[in-house]
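Down below is the structure, laid out as C-alpha cells.
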Amino acid sequence: MELLRDIAHISGKSGLYRILKPGRGGVIVETLDEKKQKEMVSSNARVSVLKDISIYTEDPNKSTPLGDIFLKTRELHGEKVEFDFKTASNNQIFDLFATVMPDFDRERVYASDIKKIVNWYNILSATMPELFVPASEETTEEVAAVDAATEEAKA
C-alpha cells in the first residue's frame, strides 16, 4: 500500500486527491474522480496523507494502518462495500467495521470515521485497483515501474 503516500484527504472537501507536486503556496493536487481536476491547496489547509492514517485499537499502545484495513476490506467485501449508511444505526455501522477490524476502539473511532473509511475504500477500489495487489504478488519490476511513474508525476 505504498501508493497511499500519494493520496490525501483535504479537510472540508469531499473525496480524495492525488498529490502531484509541491508548489510555492502549498501543494498541487488532482481529484480522483473522472474529472481529474487539478488545483492548488494552500499550505494552511489540513491535508491528511492516507499512508499516515491509522485506526485506534483496544490496546492504547497499538493502532492499525489504513492500508491494512483496506486490504482486509477487499478480502471480505470485494471491490465495493454495499452498505446503506443513511438508514443504518451507529451499532450497525460499528458491526460492519468489526467484521474488518474486530479490535477497533469503539470509544475513539466514531461512526462518521467508519463512513469516511468505507467511502475512501470504494473510491480507491474504483479508481486505483492496483492498490489492492498484495505486495507478495508484485514483482520487483512492477514496483520499480510504479515508483518511476510516481517520481515522474511529482516532477
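The values are calculated or read from the model by the stated rules, or taken from the named source; none is laboratory data. Note that the structure is predicted; figures quoted are calculated from it, not measured. Neighbour counts run over all protein chains shown; Cβ positions are idealised from the backbone, glycine included.
Scanning segment 92-106 for residues that are closer than 16 Å to Val81 by Cβ and not aliphatic (A, V, I, L, M), we see that the one that is farthest from the chain's Cα centre (by Cα) is Gln92. Among residues of segment 14-28 that are among the aliphatic types (A, V, I, L, M), those with a beta-carbon under 8 Å from a residue that is at pLDDT 90 or above and surrounded by fewer than 11 Cβ atoms within 10 Å (Cβ to Cβ) at least six positions away or on a different chain give the pairs Val27/Lys21; Ile28/Lys21.
Cβ-Cβ distances below 7 Å connect the following pairs, each with a first residue in segment 51-74 that is without any contact (Cβ under 8 Å) to a residue 12 or more places away in the chain, a second residue that is outside any helix (DSSP H, G or I), and a separation of six or more residues or different chains: Ser63/Ser54; Ser63/Ile55; Ser63/Tyr56; Ser63/Thr57. Taking segment 10-35 on its own, how many of its residues are of a type outside the set (Asp, Glu), exposed (fewer than 12 other Cβ atoms within 10 Å of the Cβ) and closer than 20 Å to Ser125 by Cα? The total comes to 2.
Highlighted here are the strands (runs of 3 or more DSSP E) found entirely within segment 36-136 that include at least 2 residues which are exposed (fewer than 13 other Cβ atoms within 10 Å of the Cβ), in contact with a strand residue (DSSP E or B) (Cβ under 7 Å, 6 or more places away or on another chain) and of a type outside the set (Val, Ile, Thr): 38-42. Leu32 fulfils the conditions (1) at pLDDT below 95; (2) farther than 24 Å from Pro129 by Cβ except for a single criterion, (2).
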